[in-house]
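Trainee: I'd like to ask some things about the structure below.
The values are calculated or read from the model by the stated rules, or taken from the named source; none is laboratory data. Just so you know, these numbers come straight off a predicted model, no measurement behind them. Cβ coordinates were reconstructed from backbone atoms using ideal geometry, including for glycine residues, and neighbour counts include every protein chain displayed.
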Amino acid sequence: MKLTFKQYLDSKERLRIAIEETPKQSLSYRVTKYCKLMVGESKEEKEVIKLKPNQTIIIEWFYDDVDNPTILNVQFNGVSDIIDNTPYDIYWHSTKIRNWLATNTVGG
């Protein structure tokens, strides 16, 4: 399949536009055991979310760095006292939250 020169230039332009947009990804994690997660903008404004098995955590990741993505927000499904899909900020560093997720959840 041969491309015309115009098609080639158009495809290069689309690639340039795609490179400028940093990807975002929402991943769902299923809680596997009873645990707690601290949410909030800072330690002073933290809120403890108590989680039970089979509840869902949805984290929106921002991949400004492929090896160390930033967390944009956290949402919960099936957690009592919380409205589903309400976004929460989290002050933990992405390394700490990934370790917590590996210990307490499956999925992603």
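For (1) among the hydroxyl-bearing types (Ser, Thr, Tyr); (2) farther than 19 Å from Asn54 by Cβ; (3) in contact with a helix residue (DSSP H, G or I) (Cβ under 8 Å, 6 or more places away or on another chain), each residue gets a yes or a no:
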{"residue": "Thr70", "(1), (2), (3)": "yes, yes, yes"}
{"residue": "Val74", "(1), (2), (3)": "no, no, no"}
{"residue": "Tyr88", "(1), (2), (3)": "yes, yes, no"}
{"residue": "His93", "(1), (2), (3)": "no, yes, no"}
{"residue": "Trp100", "(1), (2), (3)": "no, no, no"}
{"residue": "Val106", "(1), (2), (3)": "no, no, no"}
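Trainee: Checking the structure you have, find out if any residue of segment 15-24 is surrounded by 12 or more Cβ atoms within 10 Å (Cβ to Cβ), touching a residue at least 12 places away in the same chain (Cβ under 8 Å), out of contact with any Leu (no Cβ under 9 Å at 6 or more places or on another chain) and outside any helix (DSSP H, G or I).
Mentor: Checked against the condition, which is being surrounded by 12 or more Cβ atoms within 10 Å (Cβ to Cβ), touching a residue at least 12 places away in the same chain (Cβ under 8 Å), out of contact with any Leu (no Cβ under 9 Å at 6 or more places or on another chain) and outside any helix (DSSP H, G or I), segment 15-24 yields no hits at all.
Trainee: Out of all the residues in segment 86-97, is one or more touching a strand residue (DSSP E or B) at 6+ places or on another chain (Cβ under 6 Å) and part of a loop (DSSP other than H, G, I, E, B)?
Mentor: Checked segment 86-97: at least one residue is touching a strand residue (DSSP E or B) at 6+ places or on another chain (Cβ under 6 Å) and part of a loop (DSSP other than H, G, I, E, B).
Trainee: Now, a different point. Quick one: in segment 47-67, of everything that is surrounded by fewer than 14 Cβ atoms within 10 Å (Cβ to Cβ) and touching a Phe, Trp or Tyr at 6+ places or on another chain (Cβ under 9 Å), which residue is farthest from Gly78 (Cα to Cα)?
Mentor: If we filter segment 47-67 for residues that are surrounded by fewer than 14 Cβ atoms within 10 Å (Cβ to Cβ), which is where we start, we get 47-48, 50, 52-54, 63-67.
From the residues that got through so far, the ones that are touching a Phe, Trp or Tyr at 6+ places or on another chain (Cβ under 9 Å) too are 47, 50, 52-53.
Numbers: Glu47: 17, Lys50: 11, Lys52: 9, Pro53: 10 Å.
Across segment 47-67, the extreme among qualifying residues is Glu47.
Trainee: Next question, about the same structure. For Ala18, indicate whether it is at pLDDT 90 or above and of a type in the set (Gly, Ala, Ser). Spell out how you get there, then give the answer.
Mentor: On the way: at pLDDT 90 or above: no; of a type in the set (Gly, Ala, Ser): yes.
Here the answer is no, as Ala18 does not meet what is asked.
Trainee: Turning to a different aspect of this structure: Only one of these conditions is not met by Thr32: (1) touching a strand residue (DSSP E or B) at 6+ places or on another chain (Cβ under 9 Å); (2) modelled with pLDDT under 90. Which number is it?
Mentor: Tallying (1) touching a strand residue (DSSP E or B) at 6+ places or on another chain (Cβ under 9 Å); (2) modelled with pLDDT under 90, Thr32 fails exactly one: (2).
Trainee: When segment 44-71 is examined, which residues are found to be of a type in the set (D, E, K, R) and under 17 Å from Thr95 (Cα atoms)?
Mentor: Glu60, Asp64, Asp65, Asp67
Trainee: Here is a follow-up. Could you list, in sequence order, all residues of segment 91-108 that are modelled with pLDDT of 90 or more, among the β-branched types (Val, Ile, Thr) and under 16 Å from Met38 (Cβ atoms)?
Mentor: Applying the first criterion (modelled with pLDDT of 90 or more) to segment 91-108 yields 96-106.
The next check asks that each one be among the β-branched types (Val, Ile, Thr); those that pass are 97, 103, 105-106.
Within segment 91-108, Ile97, Thr103, Thr105 meet the criteria.
Trainee: Now for a different question. Run Ser11 past the list (1) modelled with pLDDT of 90 or more; (2) surrounded by fewer than 10 Cβ atoms within 10 Å (Cβ to Cβ) and report the number of the one that doesn't hold.
Mentor: Here Ser11 clears every test but (2).
Trainee: If you don't mind, there's one more thing I want to ask. Please enumerate the residues belonging to segment 60-77 that are more than 14 Å from Leu37 (Cβ to Cβ) and in contact with a strand residue (DSSP E or B) (Cβ under 8 Å, 6 or more places away or on another chain).
Mentor: Correct list: Glu60, Trp61, Phe62, Tyr63, Asp64, Pro69, Thr70, Leu72.
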